[in-house]
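First comes the structure, then the notes that go with it.
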Amino acid sequence: MQLIDAYTFNFAYIGSRTTGNDGGSFLIAGPNWKGEAPKGVKEVLRSETEFVLAAYRTQLFNPDDLDNVKKVQAGYKAQTLSAFLGTTAPKAAPIIDFIKPITPAEEKTSPQFFNILNFALQFCPPNSSEKDLAARFAKLGIGAGQSFDPASSRPK
């Protein structure tokens, strides 16, 4: 399983080359999760962003191996931490009102691109190596949850 954060960084892999052939339970945690690996969790895999894409792959050696592949795939399971622990689920996160996308052509010229970027940055905290850059962008109205105004964002 390839795990990809919202920056498109492959932050972890689960599989025979990285974690062995024995399977196991892995906790995928975002940047704001605090805690220790619960009993039964083989490893905590940390994402730099709140959104993660998981790409599952199962090797098929030949057509006669298809039943084995189906058996392996039936063993995959994704669940919340509370379900894994058998505890009451926490209060649901607020529904995200995703910002309306613009066309690829508009992305090249529309100042609305920066408001979409500001929206996305709410879920993607800056890497520690980019703190100074993020502070410079903030002066232009570019940053998590900010509103970009092209008229007031021009350098003086």
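Scanning residues 5 or more positions from Glu43 or on other chains, those with amide H under 5 Å from its amide H are Leu27, with H placed 1.01 Å from N in the peptide plane. Computed from the Cα positions only, the extents of the range 1-63 along the three principal axes stand at 44, 30, 15 Å, in decreasing order.
The calculated 222 nm mean residue ellipticity attributable to helices in the chain amounts to -6500 deg cm²/dmol, summing -39500 (n - 2.57) over DSSP H runs of n ≥ 4 and dividing by all residues. Taking a straight Cα-Cα cut-off under 27 Å and skipping sequence neighbours fewer than 8 places away in the same chain, the lysines within cross-link reach of Lys70 are Lys42. Rg and Dmax of the range 24-104, based on Cα coordinates, read 17.3, 47 Å. If both residues of a DSSP beta bridge must be in the chain, then about 60% of such bridges are antiparallel.
Computed over the Cα atoms of the range 14-156, pair by distinct pair, the Kirkwood hydrodynamic radius stands at 19.3 angstrom. Give me the Debye-computed log₁₀ of I(q)/I(0) at q = 0.19, 0.26 Å⁻¹ for the range 83-156, equal point scatterers on Cα only, no solvent, two decimals. Log10 I(q)/I(0), no solvent term: -0.87, -1.23. Comparing Pro90, Phe137, Pro31 along the charge dipole axis of the chain, the residue lying farthest to the positive side is Phe137, per the Cβ-charge model. Candidate cross-link partners of Lys39 among the lysines, defined by an alpha-carbon separation under 19 Å and a same-chain spacing of 8 or more, comprise Lys77.
Please sort by residue number the chymotrypsin sites (Phe, Trp or Tyr not before Pro) in the range 1-100 whose DSSP state is loop and whose Cβ has at most 10 other Cβ atoms within 10 Å. Passing both the DSSP loop test and the Cβ count: Phe61, Phe98. Placing +1 on the Cβ of every Lys and Arg and -1 on the Cβ of every Asp and Glu, with nothing else charged, gives the chain a dipole about its Cα centre of roughly 340 debye.
Simple rule: put +1 on each Lys or Arg Cβ and -1 on each Asp or Glu Cβ in the chain, find the dipole, and look at Tyr56, Gln146, Pro125; the Cα lying farthest toward the positive end is Gln146.
No value in this document is a laboratory result; all are computed from the given coordinates. Quantities reported herein were computed from a predicted structural model and do not represent experimental measurements. All Cβ positions, even for glycine, are placed from backbone atoms using ideal geometry, and neighbour counts span all protein chains on display.
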